Every structure is written in C-alpha cells, then in structure tokens.
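Each remark here refers to the structure printed beneath this line.
The values are calculated or read from the model by the stated rules, or taken from the named source; none is laboratory data. Here the structure is a predicted model, which means the values were calculated and not measured. Here the Cβ positions follow ideal geometry from the backbone for every residue, glycine too, while neighbour counts run over all protein chains shown. Keep in mind that these areas ignore ligands, DNA and RNA; they rest on the heavy atoms of the full protein, side chains included. Shrake-Rupley method; radii C 1.70, N 1.55, O 1.52, S 1.80 Å.
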Amino acid sequence: MTDVAAGQAYGRVVLKISGDGFTEPGQRGIVPEAVLHLARQIHSAAQSGTQIAIVLGGGNLIRGAQFTAGQSYIHEYTAHYMGMVATVMNGLALQDALESLGCETRLMTALHMNGVAEPYIHRRARRHLEKGRLILLAGGTGSPYVTTDTAAAQRALELEAAVLLKATRVDGVYSDDPEKNPHAILYSEISYEEVRRQNLRVMDPEAIAKCMQYDLPIVVFNFRKEGNIERAIRGERIGTRIWRKAEAPLP
Ligand code: UDP
C-alpha cells in the first residue's frame with residue numbers, strides 16, 4: 001500500500017460519504033442543496049488530478065440494523081437490501097449534481113441495477129479512474145449485515161487507494177461521542193489498535209480490521225466544513241488520521 005506523507009496530494013483515494021451528506025442536519029431524505037454542496041467540493045477537489053472513487057452511504061434514508069429481528073414483518077436482511085438500494089438513490093442524485101458542474105462520472109453498483117447504473121467490475125472501475133472519471137460506488141458490498149464502511153475499506157484495498165477518506169458530520173475521532181459528551185477529546189491521530197482497544201465507534205469493526213490488516217490509512221473528517229473534502233484529498237492534516245504509526249492518542 002502506497003503511503004503518502006501529510007501535505008502531499010494523493011494519487012488515488014476512496015472517499016466514503018455518509019448518508020448525512022445528502023441531507024441537512026437533523027433531517028432525513030435527499031436535500032438537493034446538500035447534494036450540490038457536496039458536489040461542488042468534490043468538483044474542486046478533482047481539479048488536483050487525484051483519482052477519486054466515492055463510496056456512498058445510505059443512512060439518510062435507511063439503515064438496515066434499525067429493523068431488528070421480531071420487531072416488524074420486514075426481515076432485517078430485507079432492510080439491509082433496502083439500505084443498499086438507498087445508496088443507489090444517493091448515487092443518482094450525486095451523479096446529476098456532479099454532471100451539472102461538468103464532471104464526468106460513472107455510477108457503479110454492487111447490487112445490479114442495469115437500468116440506471118453499471119455493475120461494479122473491478123477492472124472497469126480502474127479504467128474509469130485512469131481516464132479521469134469520478135466513480136460513484138453504490139450498493140455497498142452487495143451483501144447484507146455490513147455497512148458501507150466495510151464496502152469503502154474493500155474498495156480502497158482492491159483499487160489500491162493511498163488512503164480511505166471518511167467524510168462524516170463530526171470533526172474526527174473522539175474519546176467519546178461528541179454529540180453527547182461535550183468534554184470528549186478529538187484525536188489528531190490514533191492507531192488502529194487504540195481504536196479497537198477503546199472500542200471507538202468510528203467505523204464497522206470489520207472495516208477497521210481490514211484497514212489494519214493491509215496497513216491502509218484512514219482519515220476521518222467533517223464534510224460540513226467548507227473546503228474540507230478538498231483539503232482531505234490534497235493530503236492536508238485535517239480531522240483524525242488512523243494508521244499504524246500513531247504512537248499514542250494525541251489530542
Ligand atoms: N448495507 C448492507 N451492505 C453493505 C452496505 C450497506 O447491507 O455492504 C445496508 C446496511 O443496512 C446499512 C445501509 O445499507 O445500514 C446504509 O448504509 P450505511 O449505514 O453504511 O450508510 P451511512 O451510515 O454511511 O449513511
């Protein structure tokens with residue numbers, strides 16, 4: 001895995017955008033202004049020449065784990081498929097927003113939906129990136145019981161991205177939930193082991209384990225702050241970097 005020192009632009013990145021990016025704070029659904037805000041940031045980041053693969057979340061519409069066994073006639077596994085379909089809806093919205101700004105994009109899905117998107121085929125995805133197209137990866141992994149964080153880790157590994165950039169609604173990794181505990185400490189960097197030891201809810205444990213196994217750095221940052229997506233792609237030090245070399249949690 002190619003590592004890049006902070007401050008250096010990356011060659012290829014996977015950018016995971018959670019469903020929160022598609023709506024306004026405290027709301028659900030798809031809010032066109034929020035999608036355009038994301039698209040503007042991605043568009044200007046793409047000018048750097050970095051190859052960008054975007055993995056889409058769907059939590060603004062549905063998260064399958066909300067449908068726990070026995071509480072509804074909708075099975076949890078069905079709800080996970082509904083969640084995967086939700087990510088395709090976000091992808092369609094982001095694709096149009098990006099294209100309205102002049103970006104060339106391809107929407108690819110792990111769950112086949114040939115009427116609206118290409119199937120995700122690894123070699124084809126690479127080819128799009130090499131040709132300078134932004135690729136939007138929806139449908140997660142195509143399998144239930146995981147989240148799009150796991151999909152993002154998998155895609156980052158197979159596409160040999162230099163880093164996994166996780167755009168969220170908080171500033172990075174905290175010692176506790178910053179939305180509940182105002183004294184939570186924001187880490188500037190932290191190791192995979194420490195994230196696991198402290199059981200910090202940054203990403204799926206599966207996603208962290210995969211990144212740790214293959215030494216793939218993760219940068220967690222706040223997409224709501226203007227210009228942050230561009231900064232993250234340029235390799236500027238923002239948010240929290242999760243990687244092997246972090247010695248101890250540094251506030
Ligand atoms: N999902 C799934 N398999 C995957 C990816 C996603 O079953 O590989 C489902 C899962 O129910 C998840 C939902 O799709 O909760 C939406 O994705 P996610 O929760 O990751 O969205 P985010 O939190 O990033 O908005």
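Figures for the structure shown
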| read-out | value |
| --- | --- |
| Alpha-carbon centroids, the stretch 166-189 and the stretch 68-103: separation in whole Å | 26 |
| Among A39, A153, A138, residue whose mean-square fluctuation peaks in a GNM of the chain (springs only between Cα atoms under 10 Å) | A39 |
| Rounded, prolate or oblate (a/c below 1.5 giving rounded, otherwise prolate when a/b exceeds b/c) for the chain by Cα gyration tensor | rounded |
| Listed residues G140, G102, G58, most fluctuating in the chain (Gaussian network, C-alpha, under 10 Å) | G102 |
| Longest exposed-site-free window of the chain, the sites being chymotrypsin sites (Phe, Trp or Tyr not before Pro) in a DSSP loop that have at most 13 other C-beta atoms within 10 Å | 1-72 |
| Under-5 Å amide H pairs with K166, H placed in peptide plane, nonlocal only | K16, V219, V220, F221 |
| Karplus (6.51, -1.76, 1.60) ³J(HN,Hα), θ = phi - 60°, over the stretch 218-225, in Hz, Gly and Pro reported as x | 10, 10, 9, 8, 8, 6, 6, 7 |
| Residue range of the chain that is longest and free of GluC sites (Glu not before Pro) which are both DSSP loop and sparsely packed (at most 16 other C-beta within 10 Å) | 1-103 |
| Farthest toward positive dipole pole in the stretch 118-218 [+1 Lys/Arg, -1 Asp/Glu at C-beta], among A161, L216, N199 | A161 |
| Nonlocal amide H pairs with I185, under 5 Å, H built at 1.01 Å | S175, D176 |
| Nearest-10 value in Å² for the accessible area of T150, using the 1.4 Å probe | 10 |
| Amide H within-cut-off set for L136, under 5 Å, with H built and near neighbours excluded | I54, R106, L107, M108 |
| Aspartates and glutamates whose Cα lies under 15 Å from that of K180, excluding same-chain neighbours fewer than 8 positions away | D171 |
| Exposure of V146 as accessible area (Å², to 10), given a probe of 1.4 Å and all protein chains | 50 |
| Max mean-square fluctuation residue, GNM over the chain, Cα-Cα springs under 10 Å, options L38, L216, L92 | L92 |
| ³J(HN,Hα), Karplus 6.51/-1.76/1.60, whole Hz, each residue of the stretch 130-136, x for Gly, Pro | 4, 8, x, 8, 7, 10, 10 |
| Using θ = phi - 60° and Karplus 6.51 cos²θ - 1.76 cosθ + 1.60, couplings along the stretch 52-65 (whole Hz; Gly, Pro as x) | 10, 10, 10, 9, 9, x, x, x, 6, 10, 7, 10, x, 5 |
| Protein-only accessible surface order, largest first, of V219, V116 at 1.4 Å | V116, V219 |
| Cα→Cβ-extended label distance, 7 Å offset, between S175 and R244, nm | 2.8 |
| Estimated distance in nm for a label pair at N199 and I185, the labels positioned 7 Å out from Cα along Cα-to-Cβ | 2.0 |
| Surface accessible to a 1.4 Å probe, I185 within the full protein complex, Å² | 80 |
